[in-house]
Amino acid sequence: MNAPLPIDAARLTLMLNELRLPTIGRLWPEFAQRADKESWQATRLLGALLEHELAERAKRRIERHRTESRLDPTKTLAAFDFSAVPMVSKAHVMALASGDSWLEKGANVLIFGPPGGGKSHLGSAIGHALIDAGYRVLFTRTSEIVQKLQAARQSLQLPAALAKLDRFDLIILDDLSYARKDQAETSVLFELIAERYERRSLLITANQPFSGWDNVFPDPGMTIAAIDRLVHHSTIFEMNVESYRRRTASDKQSARRRQSSSDNDNHRDIDNGATTMT
Ligand code: ADP
Ligand code: MG
């Protein structure tokens with residue numbers, strides 16, 4: 001690698017920069033040297049360099065998609081314990097996580113259940129897997145995106161704002177039932193749902209099933225129309241489980257109890273020791 005570079009190396013570097021081929025720019029001296037030494041065909045050298053450029057480019061694109069998604073990097077499928085939610089089919093989740101047909105037809109995923117049951121984690125995990133598969137995802141609290149779209153509407157930019165969101169194959173609206181209707185007579189959340197209907201997918205998490213959505217939309221008619229669109233092509237997961245945090249905390253506590261019953265000196269510890277919620 002330390003061998004003197006060909007006389008026109010500087011020009012080559014310039015051209016590769018101009019063409020935005022940084023990986024080839026980085027790799028070509030080593031590759032060219034090997035090619036000379038091992039008498040590669042020119043096609044092989046060119047092919048190898050281009051393959052590396054493409055692979056790096058795909059990697060960079062996925063990294064960009066991960067950053068723009070605003071997904072919590074720790075909430076992945078690998079970190080999700082399916083045994084905690086026996087009513088959720090792992091096979092079904094894995095099928096959704098690979099994308100394909102449901103995203104192509106703009107179908108939705110709805111995840112319901114009480115707080116702490118793993119709704120946001122499961123939604124995020126599906127999001128991460130889709131990014132790995134090359135899709136573009138946005139994770140947002142519903143109240144936050146509603147605020148932004150509301151501001152856009154006030155400055156007559158709502159259509160543009162909605163069109164900008166079109167680049168995402170999936171938008172994850174976290175905690176829909178916490179969003180509150182505003183004074184305006186049209187709901188931007190409804191606009192978003194209607195705009196994406198049968199074209200672009202939504203994944204929604206909510207503590208309350210549909211019956212509790214009347215506070216989210218301005219009137220019952222709009223609530224029904226929104227639900228109708230969301231449900232039309234959808235997968236619904238109901239995660240009616242006790243809070244994962246509380247459960248893991250009480251598991252730890254009972255483990256400690258078991259331990260203490262075999263060791264009487266520990267009683268005071270247990271009585272005083274508040275269980276740490278992690
Ligand atoms: P929800 O959105 O339903 O209120 P979260 O997804 O925020 O619940 O879950 C609460 C906490 O418990 C998070 O830290 C999450 O990572 C964790 N958690 C919940 N369910 C699971 C699970 N099945 N496997 C691993 N961690 C979980
Ligand atoms: Mg949540």
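The values are calculated or read from the model by the stated rules, or taken from the named source; none is laboratory data. None of these values were measured; they are calculated from a predicted model. We work out accessible area using only protein heavy atoms, side chains counted, and drop any ligands, DNA or RNA first. Shrake-Rupley method; radii C 1.70, N 1.55, O 1.52, S 1.80 Å.
Cross-link partners for LYS119 among the lysines, with Cα-Cα distance under 17 Å and sequence neighbours closer than 8 places in the same chain left out: LYS75, LYS90.
Return the carbon/sulfur percentage of the accessible area of the range 119-239, one whole number, probe 1.4 Å, all protein chains in place. Walk me through the numbers before you get to the answer.
Details: 2630 of 5210 Å².
Carbon-and-sulfur percentage of accessible area, whole number: 51.
With every protein chain present, what accessible area does SER254 have (1.4 Å probe, heavy atoms only), rounded to the nearest 10 Å²? About 40 Å², ignoring ligands and nucleic acids. Look at where the Cα atoms of the range 30-63 and of the range 72-106 average out, and the two centres are 35 Å apart. Taking every protein chain into account, the accessible area of the chain amounts to 58 square angstrom per residue (probe 1.4 Å).
For the chain, what is the mean residue ellipticity at 222 nm derived from helices alone (per DSSP H run of n ≥ 4: -39500 (n - 2.57); sum divided by total residues; nearest 500 deg cm²/dmol)?
My calculation for the chain gives -16500 deg cm²/dmol from helical runs alone.
Counting only alpha carbon atoms, the long axis of helix 9-18 and the longest principal axis of the chain meet at about 40°.
Relative to the current alpha-carbon distance between SER234 and LEU27, full extension at 0.36 nm per residue lengthens the span by 69.8 nm. The Cα center of the range 145-167 and the Cα center of the range 193-217 differ in position by 17 Å. Of the residues ASP36, ASP100, ASP251, the one that moves most in a GNM of the chain with alpha-carbon contacts below 10 Å is ASP36. Using a probe of 1.4 Å, the accessible surface attributed to TRP102 totals some 20 Å² when neighbouring protein chains are kept in position. Under 20 Å between alpha carbons, and skipping anything fewer than 8 positions from LYS105 in its own chain: which lysines qualify? Straight-line reach from LYS105, under 20 Å: LYS164. Amide H contacts under 5 Å for ILE172: LEU138, PHE139, THR140, LEU203, restricted to partners 5 or more places along the chain or on a different chain, H placed in the peptide plane at 1.01 Å from N.
Taking a ≥ b ≥ c as the square roots of the Cα gyration tensor eigenvalues, with a/c under 1.5 meaning rounded and otherwise prolate when a/b beats b/c, else oblate, which class fits the chain? In terms of gyration-tensor shape, oblate.
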